[in-house]
Amino acid sequence: MTDLYRAAVEILQENDRGSYTIPTKGLYPFQWNWDSCLTALGQSHFDESRAWTEIETLFAHQWSDGMVPHIVFHTPDDGYFPGPDVWATGRPVPTSGITQPAVAGFAIRRLFDRATDRGQAATRARALLPKVTAWHRWFFQNRDPEGEGLVAILHPWESGRDNSVDWDDAFARVPTEGIAPYTRRDTQHAAPEHRPTKEHYDRYLWLVEHFRALNWDNTRLHAATPFQVVDPGFNAILIRSAADLADLAETLGELGLAAENRAYATRGTAALESLWSEDHGQYLCRDRVLGALIDSRSSGGLLAAFAPIPAARAARIAQTIEGHGTRFRVASQAPDDPRFQVQRYWRGPVWLVVNYMIADGLARSGLAGASAAITRSSLDLIRTSGFAEYYDPRSGEPLGGVRFTWTAAMVLEFLALADLCQSAPDERWES
Ligand code: DGY
C-alpha cells in the first residue's frame with residue numbers, strides 16, 4: 001500500500017458522515033449528487049458495502065417524478081449559500097431543486113463488476129436499477145421536449161462545470177435584477193479569484209428564484225427559462241450511464257429496464273454527432289434557445305469521449321488534448337482560447353474527475369496510450385500538489401477546496417489503473 005493510497009483513504013474517511021460523504025469541510029458541507037457517485041468508486045477499494053450505501057443514500061432522496069437533486073441538505077449548516085431556505089423545495093429532508101450529471105448508472109455498474117461480495121452486489125444493484133432508470137426517464141421526459149435524444153441543462157450548476165466559458169453567452173440572457181439580497185459563503189472558504197464572479201452568482205440566484213416561483217414543477221421549467229444548453233459532456237455521462245445500466249440490467253435478467261436504457265443510449269449516441277466540430281476536433285455545446293453551436297472549446301466537449309462515440313472521434317479528441325500543451329492534463333478550457341483563465345473555476349484548471357472519465361472513454365476506444373498519459377499526469381499532479389479541488393494546469397498549483405473527497409476517490413481509481421498498466425506492460429504507457 002503506497003503513501004498516496006493511504007492519504008486518499010484517510011481523506012475519504014475524514015469526510016464520511018456515516019451514510020454519505022461531504023465533498024470537503026467548509027465549502028461543501030452536504031451531499032452532492034455526482035460527487036457521491038464518483039466517491040463510491042473510491043470507497044469500493046476498501047469498503048464495498050459503504051460504497052453501495054453512498055449511492056443508496058442519494059437515491060433515498062429522489063423526487064417522486066424521478067429527478068435526483070444535486071444537493072441533499074442532510075444537516076443544517078450556515079457555512080453554505082444558497083441553503084435550503086433559498087431552494088424551498090418542500091422536501092422532508094431538504095434538497096436543491098436542480099439535478100447534476102447522471103453518473104450513477106456508470107458507477108453502480110462498476111461497483112457491481114468489481115465486487116468481491118457477488119451476492120451483496122446483485123441485491124443492491126437490483127434495488128437501484130429501477131430508481132436510476134426512473135432518473136434517466138425523467139431526463140428525456142423533462143429535458144428533451146422535441147425528442148432529439150439529447151437533454152438540456154437549465155442551470156450551469158446542473159452541468160457540474162459551474163462557471164465554464166460554455167455558458168457565458170446563453171447566461172447573458174439571464175437577468176440579474178430583482179433577486180433577494182444575499183451573502184456568498186464560498187468566497188469565505190476559497191480564494192475569490194478562483195471562484196465565479198458576483199455577476200455569475202446573481203444569475204445563478206435569478207434562475208433559482210425563477211424556478212422556485214414555478215413551484216419546482218419540472219414539467220414547466222424547460223419552457224420557462226432563457227438558459228437551455230445541450231452540453232456534450234453532460235449528455236455523454238447520461239448516455240454512458242444508460243448503456244452501462246442496460247448491460248447491468250441484462251446481466252440481472254431485468255430485460256425491460258435493459259431495453260429502455262439501451263434505447264436512450266443508442267438514440268443519444270447518434271444525436272451526439274450533431275455537436276461534433278471538425279474544426280475544433282471536439283464536441284461543442286448547443287444553445288437550444290438559439291439552435292446554434294457555442295464556439296467554446298471546453299473539457300465538456302472532450303468528456304464526450306466517455307460515451308460510446310466513433311473511434312475516429314475519440315482519436316481526434318486525444319490529439320486535441322495533446323495539443324493543449326499544458327504541463328498537467330486536462331485543462332477545462334483550451335489554453336489558446338482568449339477566455340482561458342488558468343486559475344478560475346472551470347475556465348482553465350484541471351479536475352481529476354474529468355480526467356478519469358476522459359481516460360476511461362479513451363481506453364474503451366482502444367487509445368490505451370492516450371488514456372495512460374492522462375492517468376500518469378493525474379498522479380503526478382497529486383504527488384506535486386496534494387488533494388485539492390482543482391489545479392492550475394501549467395504550474396500544478398492546488399486551487400479551491402482542500403482535502404477533497406472526489407479527488408481522493410479518483411486517486412484510488414487511477415492507482416488501480418496504473419497497477420493494471422504496470423502488470424501488463426504494453427503500449428498503454430506510451431503517450
Ligand atoms: C457551488 O455552490 O459552488 C456548487 O458547485 C453548486 O452546486
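The values are calculated or read from the model by the stated rules, or taken from the named source; none is laboratory data. All values reported here derive from a predicted model rather than from experimental measurement. Here the Cβ positions follow ideal geometry from the backbone for every residue, glycine too, while neighbour counts run over all protein chains shown.
How many of the residues making up region 85-115 are surrounded by fewer than 20 Cβ atoms within 10 Å (Cβ to Cβ) and over 18 Å from LEU38 (Cβ atoms)?
So the answer is 8.
So is ILE317 closer than 20 Å to LEU275 by Cα and touching a helix residue (DSSP H, G or I) at 6+ places or on another chain (Cβ under 6 Å) or not?
Criteria met by ILE317.
Is it fair to say TYR204 is within 10 Å of the ligand (Cβ to nearest atom) and modelled with pLDDT of 95 or more?
yes
How many of the residues in region 335-351 are buried (at least 23 other Cβ atoms within 10 Å of the Cβ) and away from the ligand (no atom under 16 Å from the Cβ)?
2
Considering SER277, SER299, which residue is buried (at least 22 other Cβ atoms within 10 Å of the Cβ) and either in contact with a strand residue (DSSP E or B) (Cβ under 8 Å, 6 or more places away or on another chain) or not charged (D, E, K, R) (or both)?
Among SER277, SER299, only SER299 is buried (at least 22 other Cβ atoms within 10 Å of the Cβ) and either in contact with a strand residue (DSSP E or B) (Cβ under 8 Å, 6 or more places away or on another chain) or not charged (D, E, K, R) (or both).
Confirm whether ALA270 is surrounded by fewer than 21 Cβ atoms within 10 Å (Cβ to Cβ) and small (Gly, Ala, Ser).
Here the answer is yes, as ALA270 does meet what is asked.
Is at least one residue of region 58-81 among the hydrophobic types (A, V, I, L, M, F, W, C), more than 15 Å from the ligand (Cβ to nearest atom), assigned to a helix (DSSP H, G or I) and closer than 27 Å to ALA125 by Cβ?
Scanning region 58-81, I find at least one residue that is among the hydrophobic types (A, V, I, L, M, F, W, C), more than 15 Å from the ligand (Cβ to nearest atom), assigned to a helix (DSSP H, G or I) and closer than 27 Å to ALA125 by Cβ, so the answer is yes.
From the list PHE46, PHE81, which one is under 18 Å from ASP162 (Cα atoms) and surrounded by fewer than 17 Cβ atoms within 10 Å (Cβ to Cβ)?
PHE81
Give me the residue from region 26-42 that is within 15 Å of the ligand (Cβ to nearest atom) and aliphatic (A, V, I, L, M) and, out of that set, farthest from THR116 (Cα to Cα).
LEU27
Within the group GLY18, GLY26, which residue is in contact with a Gly (Cβ under 7 Å, 6 or more places away or on another chain) and surrounded by fewer than 19 Cβ atoms within 10 Å (Cβ to Cβ)?
Only one candidate qualifies: GLY26.
Based on what the data block shows, is PHE73 in contact with a Phe, Trp or Tyr (Cβ under 6 Å, 6 or more places away or on another chain) and aromatic (Phe, Trp, Tyr)?
Considered against the rule, which asks whether it is in contact with a Phe, Trp or Tyr (Cβ under 6 Å, 6 or more places away or on another chain) and aromatic (Phe, Trp, Tyr), PHE73 comes out as yes.
Just the residues that are in contact with a Pro (Cβ under 8 Å, 6 or more places away or on another chain), outside any helix (DSSP H, G or I) and not small (Gly, Ala, Ser), please, taken from region 292-329.
THR326, ARG327, PHE328, ARG329, listed by residue number.
Do you know which of the residues in region 138-149 that are more than 19 Å from the chain's Cα centre (by Cα) and either of a type in the set (Ser, Thr, Tyr) or crowded, with 21+ Cβ neighbours inside 10 Å (or both) is farthest from the ligand (Cβ to nearest atom)?
ASP144
Can you report the number of residues in region 230-277 which are small (Gly, Ala, Ser) and either at pLDDT below 95 or part of a loop (DSSP other than H, G, I, E, B) (or both)?
Selection size over region 230-277: 1.
Scan region 163-177 for residues that are under 20 Å from GLU209 (Cα atoms), of a type in the set (A, V, I, L, M) and surrounded by 15 or more Cβ atoms within 10 Å (Cβ to Cβ) and jot them down.
Across region 163-177, the qualifying residues are ALA170, VAL174.
Under 6 Å by Cβ, and 6 or more places apart or on different chains, what pairs join a residue from region 80-94 that is within 21 Å of ALA60 (Cβ to Cβ) and at pLDDT 95 or above with one that is away from the ligand (no atom under 11 Å from the Cβ) and outside any loop (DSSP other than H, G, I, E, B)?
ALA88/ARG212; THR89/THR95; PRO94/PRO84
Against the conditions (1) part of a helix (DSSP H, G or I); (2) within 16 Å of the ligand (Cβ to nearest atom), where does PHE227 fall short? Just the number, please.
Among (1) part of a helix (DSSP H, G or I); (2) within 16 Å of the ligand (Cβ to nearest atom), the lone unmet condition for PHE227 is (1).
Restricting attention to region 13-33, does a residue exist that is assigned to a helix (DSSP H, G or I) and among the hydrophobic types (A, V, I, L, M, F, W, C)?
no
If I ask for residues that are at pLDDT 95 or above and more than 20 Å from the chain's Cα centre (by Cα), which ones from region 64-79 would you list?
SER64, ASP65, HIS74, THR75, PRO76, ASP77
Just wondering, is there one or more residues in region 43-51 that are among the polar types (S, T, N, Q), within 16 Å of the ligand (Cβ to nearest atom) and farther than 20 Å from ASP186 by Cα?
no
Looking at ALA180, ALA152, ALA134, ALA170, can you tell me which residue is away from the ligand (no atom under 14 Å from the Cβ), hydrophobic (A, V, I, L, M, F, W, C) and under 15 Å from the mean Cα position of the chain (by Cα)?
Selected residue: ALA152, the only one of ALA180, ALA152, ALA134, ALA170 that is away from the ligand (no atom under 14 Å from the Cβ), hydrophobic (A, V, I, L, M, F, W, C) and under 15 Å from the mean Cα position of the chain (by Cα).
Mind checking which residues of region 82-122 are within 16 Å of the ligand (Cβ to nearest atom), over 22 Å from LEU303 (Cα atoms) and not aromatic (Phe, Trp, Tyr)?
PRO82, GLY83, PRO84, ASP85, VAL86, THR89, PRO94, THR95, SER96, GLY97, listed by residue number.
In this structure, is PRO23 under 19 Å from VAL353 (Cα atoms) and within 12 Å of the ligand (Cβ to nearest atom)?
Criteria met by PRO23.
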